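Please read the structure below before turning to the comments.
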Amino acid sequence: MKRFFKPVEKEGSFKKPALSAPSSSAPADGGSAGAAGEGEAGGKPEKKEPLKFLTWNANSLLLRVKNNWPEFSKFVQFLDPDAICIQEVRMPAAGSKGAPKNPGELKDDTSSSRGEKQVLMRALSSPPFKTYQVWWSLSDSKYGGTALFVKKQFQPKKVSFSLNRTASKHEPDGRVIIAEFESYFLLNTYVPNNGWKDDENSFQRRRKWDQRMLDFVLQLEKPLIWCGDLNVSHEDIDVSHPDFFSNAKLNGYTPPDARDCGQPGFTLAERDRFSKILSQGKLIDAYRFLHKEKDMERGFSWSGNPIGKFLRK
């Protein structure tokens, strides 16, 4: 039986601000105001590389296009991000059955895949998304996958798809896209879930990923902006019921190492490895830097796996 928690309400209700319509002075296509070479409206200097970022685990981008696209389009138009990081695209990579796959292209060799691609590309060719260039890193099947949208006015120096920054090689399940700009790297990741048992598709896979992630941040010669579904709640403040999550079990199973016990994403082993990545990589949790106190009514999550609810990922 699935068991979820409703956040404890504080005194007074928190109302999310309504999305206001963009200013009438903004171009209809979402581009920058002003002529090339001039500053933006209001005297602000023109941006040379992305400075505003949006990240979203879509849990099937095609499903969102079919069910939630007007709301998401309105949000993107309101926020006007320079770059959008998407996780769990869940669109298969190009390539026929039994043939090598191209994880950088959407599958379109069957009538169903062509139809799905057309639906998705039609949505992305409309405002405000037509002002973005898109890179894909896709799984062989409708699983995982990431996408990166960057406004066409900003051209990355290089885009790669694996933690070793080899441009042509993609991570399994399309878990990584890295865009290099002049002053920083932008990393979009769909991090493997830790799971509940110590096997090659669970704890071991996550341990190997975390080690590779640590190696990656230690080798960077520029600052890093890391977005995505990181599949970890780092501190007690990031979950609704830390004691419950720390002692959670699935079907009574207890891992050999006590540090692996608990809700995936909130085990001591995962949290300690994440702390090491942050500290040695000189990284800051941007959300917690701005929000020091527990803020459950502002938190976000999806209550899926399978007994509890993270406040935030």
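The values are calculated or read from the model by the stated rules, or taken from the named source; none is laboratory data. Since we're looking at a predicted model, the values are computed, not measured. When we count neighbours, we look across all protein chains shown, and the Cβ atoms used for this are built from the backbone with ideal geometry, even at glycine. The protein model used for the area step is the full one, side chains on, heavy atoms only, and it has no ligands, DNA or RNA in it. Shrake-Rupley method; radii C 1.70, N 1.55, O 1.52, S 1.80 Å.
Would you mind getting me the FRET efficiency between S275 and S126? Use the beta-carbon distance for r and R0 = 25 Å, nearest 0.05.
For R0 = 25 Å, the calculated efficiency reads 0.05.
Averaging 1/r over each pair of different alpha-carbon atoms in the stretch 129-195 and inverting the result gives 12.4 Å, the Kirkwood hydrodynamic radius. Ordered by 1.4 Å accessible area with all protein chains kept, E46, E88 run largest first as E46, E88. Distance between the pseudo-spin-label points of S141 and R205 (7 Å out from Cα toward the beta carbon): 1.1 nm.
If the segment from K52 to N67 were pulled out straight at 0.36 nm per residue, it would be longer than the present Cα-Cα gap by 2.8 nm.
Please identify the GluC sites (Glu not before Pro) of the stretch 135-219 that satisfy two criteria: DSSP loop assignment and at most 13 other Cβ atoms within 10 Å. Which are they?
Here the GluC sites (Glu not before Pro) that fit, given the DSSP loop and packing criteria, are E182, E200.
Between amide H atoms placed 1.01 Å from N, distances below 5 Å from Q133 occur with V150, K151, K152, all of them 5 or more places distant or on a separate chain.
In the calculated pair-distance distribution of the stretch 227-269, the portion above 17 angstrom amounts to 30 percent of the Cα-Cα pairs. Extents of the stretch 151-300, largest first, come to 51, 37, 26 Å (Cα atoms, principal axes, whole angstrom).
In the structure shown, the pairs K48/K169; K197/K294; K158/K222; K48/K151 are assessed against 20 Å; a Cα-Cα span above that value is assigned to K48/K169; K197/K294. The modelled label-to-label distance between S168 and D80, using points 7 Å beyond Cα along the C-beta direction, is 4.1 nm. Taking the centroid of alpha carbons for each part, the stretch 233-296 and the stretch 148-227 are 20 Å apart.
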